[in-house]
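Working notes for the structure below.
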Amino acid sequence: MNVLVINAGSSSLKYQLINMVDQQVLCKGQVERIGIEGSFLKQKGGAEEADIHAEIKNHNDAIQMVLEALTDAKHGVVKSLEEIDAVGHRVLHGGEKFADPVLVDEQVIHDLEAIADLGPLHMPANISGIKACQQAMPVPQVAVFDTGFHQTMPPKAYLYGLPYEAYEKHKVRRYGFHGTSHLFVSQRAAELRGTEKGRMITCHLGNGSSLCAILDGKCMDTSMGLTPLEGVVMGTRSGDMDPAIVKFIMEKEHKTIEEMDHYLNKESGVYGLSGVSSDFRDLAKAAAEGHRRAILALDVFIYRIQKYIGAYAAALGGVDTLVFTAGIGENDHELRQNVCRDMDFFGIAIDEEKNASLPRGSEADISAPGARVHTMVIPTDEEYMIARDTYEIVHEASQ
Ligand code: AMP
């Protein structure tokens with residue numbers, strides 16, 4: 001069974017075709033600049049790589065191009081669309097309605113449209129992607145939600161200190177994101193440790209970063225909130241701050257609401273702090289050359305992660321397993337070392353040599369001998385997780 005995994009953003013669309021029998025990724029690709037001048041599709045996996053530049057007006061066009069590329073004689077990996085058995089869609093927001101992946105029907109589309117304002121940048125693209133695939137292929141479509149894993153949080157963790165009507169009327173609460181990733185790495189860590197029981201903190205550190213407190217496999221708290229802006233300082237996002245700053249800066253800098261939104265989402269984080277870059281490779285290089293603000297930005301990032309680890313250790317009544325994943329968590333050994341520095345009072349201590357020599361993309365327990373907490377690096381695989389969920393739902397539905 002071949003599952004096409006679609007991750008539709010506002011102006012991009014990433015995809016993978018995965019054979020679920022042997023779990024082989026047949027091809028990976030992306031469409032960029034949808035609806036913007038200079039759009040293109042790139043795909044790897046076929047006899048030749050595809051790099052096609054053409055006008056791509058909307059997500060319908062993008063899906064059409066993807067399907068053509070997948071079946072193309074030179075670039076393609078299947079002979080016809082009949083070799084694609086199901087499509088799994090990454091959907092940003094499931095609101096309170098969707099905790100688990102779901103087979104898409106008319107009602108699901110309707111429900112997604114009703115909660116689209118919870119993710120104004122992503123949800124319209126996610127819904128367009130699903131509709132375009134429905135039109136192009138008569139195969140089951142499954143929606144997998146970034147918020148789903150976090151639906152087990154108790155009210156004390158998901159409610160904000162706002163008038164209760166904000167929750168009742170507008171569903172303002174913590175939802176959390178990166179759920180597919182937190183679920184994948186927590187299950188993999190549990191598998192490697194041989195038990196699902198225990199207190200685990202997962203750190204998804206990438207362009208967007210979030211931490212998750214997990215008890216016996218269930219999410220108890222997570223750092224992102226109503227939107228992916230809350231939590232630790234990120235590449236270009238502010239993370240947690242005093243909400244009064246919004247009015248203060250808007251008045252001082254004469255900003256509109258849209259400009260302020262851009263300021264917090266795109267101009268802040270380690271990018272805004274350092275003035276160098278949102279990419280941690282650039283930051284590390286600048287910091288090594290003595291760039292004062294790059295050093296400061298990294299310090300803030302590390303400190304915020306440590307504070308969340310402390311908070312979640314308190315929330316869970318201790319910690320047994322700490323997991324690092326995503327672009328930074330998997331690849332930046334110095335960052336992992338700095339986060340774990342001086343944390344031995346928690347039982348967190350890593351083997352610095354093992355940490356530093358870990359090959360890219362590998363999973364490992366990097367704890368120091370005798371450390372009470374198992375500190376692990378586990379590469380995330382959100383696409384595989386979406387494909388697996390899709391496969392299971394379609395398989396169940398066909399029984
Ligand atoms: P992701 O969002 O998970 O794709 O992570 C992307 C981020 O990972 C990039 O912005 C980089 O900052 C970071 N990253 C990737 N590779 C490395 C590396 N070798 N060292 C440090 N940071 C890295």
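Using every alpha carbon pair in segment 1-109, what percent of pairs falls into each 10 Å bin from 0 up to the bin containing the largest distance?
14, 43, 32, 10, 0
Which of the listed residues, Gln43, Ile350, Tyr175, is farthest toward the dipole's positive end in the chain, when Lys, Arg count +1 and Asp, Glu count -1 at the beta-carbon?
Farthest towards the positive pole: Ile350.
First check a/c for the chain, with a ≥ b ≥ c the square roots of the eigenvalues of its C-alpha gyration tensor; if it is under 1.5, answer rounded, and if not, answer prolate when a/b is larger than b/c or oblate otherwise.
Cα axes put the chain in the rounded bin.
Take the cross-link list Lys97/Lys255; Lys169/Lys307; Lys28/Lys79; Lys74/Lys131; Lys42/Lys74; Lys28/Lys197 and give me the ones stretching past 24 Å between alpha-carbons.
Working: Lys97/Lys255 35 Å; Lys169/Lys307 32 Å; Lys28/Lys79 16 Å; Lys74/Lys131 28 Å; Lys42/Lys74 13 Å; Lys28/Lys197 35 Å.
Where the Cα-Cα span goes over 24 Å, the pairs concerned are Lys97/Lys255; Lys169/Lys307; Lys74/Lys131; Lys28/Lys197.
Give me a comma-separated list of calculated 3J(HN,Hα) values for segment 79-90, in order, Karplus coefficients 6.51, -1.76, 1.60 applied at θ = phi - 60°, integers in Hz, x for any Gly or Pro.
After applying 6.51 cos²θ - 1.76 cosθ + 1.60, I find 6, 8, 5, 5, 7, 9, 9, 6, 10, x, 10, 7 Hz.
Mind checking the dipole of segment 30-78: about its Cα centre, +1 per Lys or Arg Cβ, -1 per Asp or Glu Cβ, Debye to the nearest 20?
Dipole magnitude for segment 30-78 comes out near 100 debye.
Return the single residue from Ala157, Ala47, Ala294 with maximal mean-square fluctuation; model: Gaussian network over the chain, springs between Cα atoms under 10 Å.
Ala47
Given the options Leu118, Leu322, Leu192, state which has the largest fluctuation in a GNM of the chain using a 10 Å cut-off (strictly under) for Cα springs.
Per the Cα network of the chain with a 10 Å cutoff, Leu192 tops the list.
So if I place +1 on the C-beta of Lys and Arg and -1 on the C-beta of Asp and Glu, and nothing else carries charge, what would the dipole magnitude of segment 1-145 be about its Cα centre? I want it in debye, nearest 20.
So the magnitude is around 300 debye.
I'd like to know which of His93, Ala143, Ser209 lies farthest towards the positive end of the charge dipole of the chain, counting +1 on Cβ of Lys and Arg and -1 on Cβ of Asp and Glu.
Towards the positive end, the residue furthest out is Ser209.
When the Karplus curve 6.51 cos²θ - 1.76 cosθ + 1.60 is applied with θ = phi - 60°, which whole-Hz ³J(HN,Hα) does each residue of segment 334-349 get, with x for Gly and Pro?
Running phi through 6.51 cos²θ - 1.76 cosθ + 1.60 with θ = phi - 60° gives 5, 4, 4, 5, 5, 5, 7, 5, 6, 10, 5, 5, 8, x, 8, 8 Hz.
Taking the DSSP beta bridges in the chain as the whole, what percent of them are antiparallel, to the nearest 5?
Antiparallel bridges make up about 70 percent of those DSSP assigns within the chain.
Output ³J(HN,Hα) for segment 262-270: one whole-Hz value per residue in order, computed from phi by the Karplus curve 6.51 cos²θ - 1.76 cosθ + 1.60 with θ = phi - 60°, and x for Gly and Pro.
Using θ = phi - 60°, the values come out as 5, 4, 6, 8, 10, 10, 9, x, 5 Hz.
Quick one: Cα convex hull volume of segment 104-180, Å³ per residue?
So the per-residue hull volume is 106 Å³.
Can you give me the C-alpha center-to-center distance between segment 172-199 and segment 40-88, rounded to a whole angstrom?
If you average the Cα positions of each part, the centres end up 32 Å apart.
What shape does segment 286-371 have by the C-alpha gyration tensor, where a ≥ b ≥ c are the square roots of the eigenvalues, rounded means a/c under 1.5, and otherwise prolate means a/b greater than b/c and oblate the rest?
oblate
Could you work out how far the C-alpha centroid of segment 207-263 sits from that of segment 303-350, in angstrom?
One Cα centre to the other: 20 Å.
Taking K and R as +1 and D and E as -1, what net charge do the other residues with C-beta under 10 Å from the C-beta of Gln306 add up to?
Value of the local net charge: +2.
None of the figures in this text is laboratory data; all of them are computed from the coordinates on show. Note that the structure is predicted; figures quoted are calculated from it, not measured. Note: ideal-geometry Cβ built from the backbone for every residue, glycine included; neighbour counts use all protein chains shown.
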